[in-house]
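Heads up, the thing below is written out as structure tokens.
The values are calculated or read from the model by the stated rules, or taken from the named source; none is laboratory data. No experiment lies behind these values; they were computed from the predicted model shown. With ideal geometry, Cβ positions are generated from the backbone for all residues, glycine too; neighbour counts draw on all protein chains shown.
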Amino acid sequence: MGREWQIGDPVDYTTDGWMDAQNWTGNRYDGEDESESSSKDSKNEEYSKKAWDYYNDFKEEEALYYINRALELNSRSSRDWNIKGIILNSLKRFDESQKCYDRSLQLRQSVVVSDNKARMLSKWAFNLLEESKKVPNGLDILYEAREKILEAINLLSSENNERDLDLFIKNRDSIDFYIGYEKEFLKCIETLKGYDKSELFTITGIKSYKKLGPYVSLKLVKESENEFDPDAIAVYIEDEKIAYVANKDYLKCELTSSASELQNKISDTADAQYLFFLSRYSAVQFAVGRIVK
């Protein structure tokens, strides 16, 4: 049994491991060079078939080797450029994949190839979205992802592609959400950079977030007798202790001070206020406060 259809495969891909008649036309697509010798055509066909079989067995590198050999024999095969685009898409070599689809379409206009390219662009956009989460500022990458998904939406043919179109639109909406999310995060970072680090602290071990809101008044109280940490500083709202000032690097935002760093900068008690919850995916989740001087 062949491999199951996935994004980037031909529209009419079948589980027997080859394309059906709509995609596969024998020696060549209409409009391909008719002057090649039959021997060369036969070898091209053999390599192309091997490439597709290896791709179906999840052996993309072997598939790429044979499709390259096929294209060496006939560089004007729209079919083989399409297959190479599919293989490179599976390897997440999206830029190269796009060039192959473009070459295929240059040689012969095809709804099948156009739809394959659209699916590749959608997959590329999703990968850019994930990549944006791994860098300090992912806004430029997110904008690039949005360009890719919009191109995919515009490129996808309407015929029998409602499910793909719905998926593409959901991906676009998801990217738009993360663009807004990233903008808000960066705005908060700029706000923190406007303060001196000695004014800021991260709140950890919060019992309840219900009483916290922008600029809610807080009181910091040193706990020199704390059995776990003599530098501990408790955080109060009115007379209720709700949390502590973070005293470990992994618990605090790097733009804020630890409890130990604040020991010689505040009295036994200090007035403060809650600023906001700094959130950026799972890696950045900090409640930040500011000492009122």
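Assess whether Ser97 counts as being small (Gly, Ala, Ser), assigned by TED's automatic domain parsing to the domain that holds Leu129 and in contact with a Gly (Cβ under 6 Å, 6 or more places away or on another chain). Taking the combined requirement at face value, the residue satisfies it.
Pairing each residue of region 172-186 that is farther than 21 Å from Ser122 by Cβ with any residue that is of a type outside the set (Phe, Trp, Tyr) and assigned to a helix (DSSP H, G or I), provided the two are 6+ apart or on different chains, yields C-beta distances under 9 Å for Lys183/Leu139; Leu186/Leu139.
Scanning region 154-196 for residues that are in contact with a strand residue (DSSP E or B) (Cβ under 7 Å, 6 or more places away or on another chain) and part of a helix (DSSP H, G or I), which turns out nearest to Gln285 (Cα to Cα)?
Step by step, filter region 154-196, then rank; the result is Phe185.
Where strands (runs of 3 or more DSSP E) sit wholly within region 198-264, those with at least 3 residues that are under 11 Å from Gly289 (Cα atoms) and hydrophobic (A, V, I, L, M, F, W, C) occupy 200-204. Restricting attention to region 117-154, which residues are at pLDDT below 95 and either of a type in the set (Asp, Glu) or closer than 19 Å to Leu88 by Cα (or both)? Matches in region 117-154: none.
Count of region 162-210 residues, restricted to those that are over 27 Å from Ile233 (Cα atoms) and touching a helix residue (DSSP H, G or I) at 6+ places or on another chain (Cβ under 8 Å), is 15.
Taking the criterion of being β-branched (Val, Ile, Thr) and surrounded by fewer than 20 Cβ atoms within 10 Å (Cβ to Cβ), the residues of region 85-136 that qualify are Val111, Val112, Val135.
Which of the residues spanning region 47-76 are within 18 Å of Leu107 (Cα to Cα) and either part of a helix (DSSP H, G or I) or aliphatic (A, V, I, L, M) (or both)? Can you show your working first?
Step one: filter region 47-76 for residues within 18 Å of Leu107 (Cα to Cα), giving 48, 67-68, 70-76.
Selection gives Ser48, Ile67, Asn68, Ala70, Leu71, Glu72, Leu73.
Taking residues in region 257-282 that are within 17 Å of Leu218 (Cα to Cα), and partners anywhere that are buried (at least 18 other Cβ atoms within 10 Å of the Cβ) and of a type in the set (Phe, Trp, Tyr), the pairs with Cβ atoms closer than 9 Å and at least 6 places apart or on different chains are Ser257/Phe201; Ser258/Phe201; Ala259/Phe201; Ala259/Tyr244; Leu262/Phe201; Ala272/Phe201; Phe277/Phe286.
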